[in-house]
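Visitor: Have a look at the structure that comes next, please.
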Amino acid sequence: MNTQPEDNYRHKGMRKQLVDQLRTKGISNETVLSAINEVPRHVFLDSSFVELAYQDMAFPIGSGQTISQPSTVAFQTQLLQVEKGMKVLEIGTGSGYQACVLAAMGAKVFTIERQRNLYFKTKEILEQLPFRVKPFLGDGYEGLPTYQPFDRVIITAGAPSIPEALIQQMKPNGIMVIPMDNAEGEGQTMLRVTKLDDGTLKKEEFGDFKFVPMLKEIGND
Ligand code: SAH
């Protein structure tokens, strides 16, 4: 089927309200806000959740996974400092929403999902939308050696450490945004990691979050 998903004036109105809400929550990057305004979030949720698609809430998307809260998507995207034409690698495709927000900013997005059913479900949704996103079924810890190097890497699952292969696949001065498990074992601290010219890593912290865990290998669980 090549019918475009419906995106009516009511959806657009709710989206505009969401953008206003994100402004009050400290999202100030206009490119990020206009990408949120552009991507129809309701298309990524089961139709019974359409009314709730534009609330600032996380949501179940099946297979025990969640679509991140819009303010978290906006926050991570803002930290990533994406520019038009950049190659961006996302780990944890999930619903595909975050990937489309990055693509709406003009990035070429490569995204990896490990959960088989979710990968196929999301691939189908992405095919109906006009965003430049290439989905892959794989283990995000390994990255995408064939498509490296990347300008930016964004991880959308809670990671126990900074995956070395992903640092290797980043350009000099590349930036990674990664929610890293905190010492208390409760949730994650948002880190921005910059790979400096000499290969050393500059790390900055941006507060506490809660993500589903970054697991190893492709699976059906
Ligand atoms: N970015 C998503 C939210 C993702 S939730 C969105 O916009 O909807 C985190 C996702 O990471 C889940 O779908 C989970 O299955 C996936 N994941 C966990 N470990 C992974 C790994 N090692 N490689 C790729 N994906 C992984």
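Visitor: Mind counting the residues in region 200-221 that are over 15 Å from N182 (Cβ atoms) and either within 16 Å of the ligand (Cβ to nearest atom) or of a type in the set (A, V, I, L, M) (or both)?
Guide: 9
Visitor: Against the definition (touching a Phe, Trp or Tyr at 6+ places or on another chain (Cβ under 7 Å) and either among the hydrophobic types (A, V, I, L, M, F, W, C) or closer than 26 Å to G187 by Cβ (or both)), how does A165 come out, yes or no? Before the answer, list the steps.
Guide: Working: touching a Phe, Trp or Tyr at 6+ places or on another chain (Cβ under 7 Å): yes; either among the hydrophobic types (A, V, I, L, M, F, W, C) or closer than 26 Å to G187 by Cβ (or both): yes.
Yes: the conditions hold for A165.
Visitor: Filter region 97-112 for residues that are within 9 Å of the ligand (Cβ to nearest atom), without any contact (Cβ under 8 Å) to a residue 60 or more places away in the chain and part of a helix (DSSP H, G or I) and give the result.
Guide: Taking region 97-112 as the starting set, the residues that turn out to be within 9 Å of the ligand (Cβ to nearest atom) are 97-101, 111-112.
With without any contact (Cβ under 8 Å) to a residue 60 or more places away in the chain added as a condition, the list becomes 97-99, 111-112.
Y97, Q98, A99 - these are the residues of region 97-112 that are within 9 Å of the ligand (Cβ to nearest atom), without any contact (Cβ under 8 Å) to a residue 60 or more places away in the chain and part of a helix (DSSP H, G or I).
Visitor: Restricting to region 113-153, name every residue that is charged (D, E, K, R), in contact (Cβ under 8 Å) with a residue 24 or more places away in the chain, under 25 Å from L79 (Cα atoms) and surrounded by fewer than 21 Cβ atoms within 10 Å (Cβ to Cβ).
Guide: The answer is R132, K134, D139, D151.
Visitor: Hey, does region 188-199 have a residue that's among the hydrophobic types (A, V, I, L, M, F, W, C) and either without any contact (Cβ under 8 Å) to a residue 12 or more places away in the chain or within 13 Å of the ligand (Cβ to nearest atom) (or both)? Before the answer, list the steps.
Guide: Filtering region 188-199 down to residues among the hydrophobic types (A, V, I, L, M, F, W, C) leaves 190-191, 193, 196.
Okay, now just the ones that are also either without any contact (Cβ under 8 Å) to a residue 12 or more places away in the chain or within 13 Å of the ligand (Cβ to nearest atom) (or both), so none.
No.
Visitor: Looking at region 63-88 only, could you name the residues that are in contact with a helix residue (DSSP H, G or I) (Cβ under 7 Å, 6 or more places away or on another chain) and either more than 13 Å from the ligand (Cβ to nearest atom) or at pLDDT 95 or above (or both)?
Guide: Step one: of region 63-88, the residues in contact with a helix residue (DSSP H, G or I) (Cβ under 7 Å, 6 or more places away or on another chain) are 63, 65, 67-68, 70-71, 73-74, 77-78, 82, 88.
Within region 63-88, P70, S71, V73, A74, T77, Q78, V82, V88 meet the criteria.
Visitor: May I pose another question? Which one of these is modelled with pLDDT of 95 or more, β-branched (V, I, T) and within 16 Å of the ligand (Cβ to nearest atom): I167, I175?
Guide: Working: I175 fails: within 16 Å of the ligand (Cβ to nearest atom).
Criteria check complete, one pass: I167.
Visitor: I've got another one for you. Suppose the filter is over 27 Å from P163 (Cβ atoms), assigned to a loop (DSSP other than H, G, I, E, B) and either more than 16 Å from the ligand (Cβ to nearest atom) or free of Cβ contacts under 8 Å to residues at least 40 places away in the same chain (or both); does Q17 pass it?
Guide: Working: over 27 Å from P163 (Cβ atoms): yes; assigned to a loop (DSSP other than H, G, I, E, B): no; either more than 16 Å from the ligand (Cβ to nearest atom) or free of Cβ contacts under 8 Å to residues at least 40 places away in the same chain (or both): yes.
No: the conditions fail for Q17.
Visitor: Can I ask one more? Going through region 160-171 one residue at a time, which ones are in contact (Cβ under 8 Å) with a residue 24 or more places away in the chain and more than 9 Å from G140 (Cβ to Cβ)?
Guide: P160, I162, A165, I167, Q168, Q169, M170, K171
Visitor: Then there is this: May I ask you to list the residues in region 154-180 that are part of a helix (DSSP H, G or I) and under 22 Å from Q78 (Cβ atoms)? Spell out the reasoning first.
Guide: So the first thing to find is which residues in region 154-180 are part of a helix (DSSP H, G or I), and the list is 164-168.
Within region 154-180, L166, I167 qualify.
The values are calculated or read from the model by the stated rules, or taken from the named source; none is laboratory data. Computed from a prediction, not measured in an experiment: that's the story for all the values here. Neighbour counts are summed over all protein chains in view; Cβ atoms, including those assigned to glycine, are modelled from backbone coordinates with ideal geometry.
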